[in-house]
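Below you'll find the structure, written out as structure tokens, and then a few comments.
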Amino acid sequence: MTADASTAAPAAPAPRPKGLGRDFGKLWTAAAFSGLADGIGRTAVPLIATTLTRDPVLISLVGALAFLPWLIFGLPAGMIVDRFDRRMVMAVGNGLRCAVALALAVLTVTQTITVWWLLAGVLLFGIGETLFDNATNAALPGVVRRPQLDRANGRIQMAQVTIDNFVATPIGGILFALSLALPLWVGTIGYLVPIALALLLPLSAARPLQSPPDTIVAREPDIAPAGAEAEAVPVAPTASVSAGEAVRYLLNHRYLRAMVLFTSVVGSALSFAQAASILFFLDAQHVPAAAIGFVTAGVGVGALLGSVIASGLVSRFGRGPVMLGANLCGGLGLALVGIAPNVVTAVLAYSFGAFAISIWNVPWGALRQQIVPPRLFGRVLGIIRMLTWGLFPIATVLGGWVARTSLQLPFLIGGAVAMIAALVAARLIVVGTKAAGAEQLADA
């Protein structure tokens, strides 16, 4: 018998999502301050480089060397994250970046800075980034519940995008206009706050988390079901943390292995497209150097919006369809930059591409945190970034070489390659994601 519609009890309102907690707040703030320092440096360092050379290849090397450490140090960084206290790893990573910013500031003030010192500094910055970013990603599942991962990743990315694009980069451009060294001094101070906050994180963020054995039902090696809920407990690191175990896990995981190949292709295409973006706005769109930060802020509007709505899109449409759409739109946005007739349309197209790429980053990050065993996470993430981000320097330098012919051409080629790759991998992204148990809905 069905209840009469007039007497049926009203549907209960949907429960509001639980807060992410104070410990997440500490991690969020550490990431935000680190993003502030990064954003200032990301704006100031290429601008300083343009005062030393106008060669697109040398300028592209500034961006290329920022990713090179993921190729040569990504896996060792992952092993360090899995072996040692992740709070200390975060502190050491930002301590290194703080020291490098200070050294470059001194060289700039004493007028002994050269493009080669700048490139060396960028390389060391990248090594610090591998440590801090790997440890931050690995610590996140220790401070929030599993269904909250999409929302937590979105909040962190939203903070980084907001501060990087709307606070740091405009400030970086203005500080550069006032004094070459001033952005570096400010960046030095910005790296100090995350060091203190990292050390205040709880023990659960320090060590890998391991779920009780009776909650795990493996479909592929060491993968828990997407809906599994278990109380995680911190465990001490093993006496020996080997890379071989993580390599075997990734090689035997068909879905992750294929996704790493796909992200390598798309990421390289996007790096190729953006290789000479600073010179594109300075020379092709005639933007004053002091205003570059405001152009970046305009692009950041799209990235911020993507971070805000990503977890909601995943909840409504599913992780796979959202990731496929984001990749297609990201490539389209960058291709449109290449045919933009003026700076306004170029910024709008770039903003659209950043919007899509930002949407992709949230579910892709949460996906890895869901299906990779916590005890292997640092090493697996290190391998993934070594294989994907490690190719970015090559793609960036190639993009800079092509930019010698035309500053617009890298955007056209890179955007087209990204869209073609997404179409080829459509089944993997949509069907494969669901089959791998990675369609955990966001806790929106």
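The values are calculated or read from the model by the stated rules, or taken from the named source; none is laboratory data. Predicted model only: the values in this text are computed from it and were never measured. Positions of Cβ are generated from backbone atoms using ideal geometry, with glycine treated the same way; all protein chains shown enter the neighbour counts. Areas reflect the complete protein model, heavy atoms only, side chains present, ligands, DNA and RNA absent. Shrake-Rupley method; radii C 1.70, N 1.55, O 1.52, S 1.80 Å.
Relative to the longest principal axis of the Cα atoms of the chain, the long axis of helix 254-273 makes an angle of roughly 20 degrees. For the chain, take the longest principal axis of its alpha carbons; what is the angle in degrees between that and the long axis of helix 343-371, to the nearest 10 within 0 to 90? Between helix and principal axis, roughly 40 degrees. Once the Cβ-Cβ distance of residue 112 and residue 284 is raised to the sixth power relative to R0 = 22 Å, the FRET efficiency obtained is 0.10. Taking Cα atoms only, the orientation of helix 86-109 departs from the longest principal axis of the chain by about 10 degrees. With each label modelled as a point 7 angstrom along the Cα→C-beta vector, the residue 339-residue 51 pair spans 3.9 nm.
Extension gain, residue 257-residue 405: 0.36 nm per intervening residue step, less the Cα-Cα distance, totals 49.7 nm. Taking every protein chain into account, the accessible area of segment 24-144 amounts to 33 square angstrom per residue (probe 1.4 Å).
Comparing 269, 297, 196 in a Gaussian network model of the chain where C-alpha atoms under 10 Å apart are linked, the largest mean-square fluctuation is found at 196. Residues considered: 284, 32, 91. Largest GNM mean-square fluctuation over the chain, using C-alpha springs under 10 Å, is found at 284. Listed options for volume of the Cα convex hull per residue in Å³ are (1) 201; (2) 129; (3) 153. The value calculated from this structure is the one marked (3).
Note on segment 243-303 and segment 81-122: Cα centroid distance 22 Å, given to the nearest whole angstrom. Protein heavy-atom accessible surface, 1.4 Å probe, per residue over segment 338-390: 28 Å². Only Cα pairs under 8 Å and 6+ residues apart enter the sum, and on that basis the relative contact order of the chain stands at 27 percent. Comparing 399, 320, 19 in a Gaussian network model of the chain, where Cα atoms under 10 Å apart are tied by springs, the biggest mean-square fluctuation is seen for 19. Each peptide among 299-309, 354-364 gets the average number of other Cβ atoms lying within 10 Å of its residues, and from highest to lowest they stand as 354-364, 299-309.
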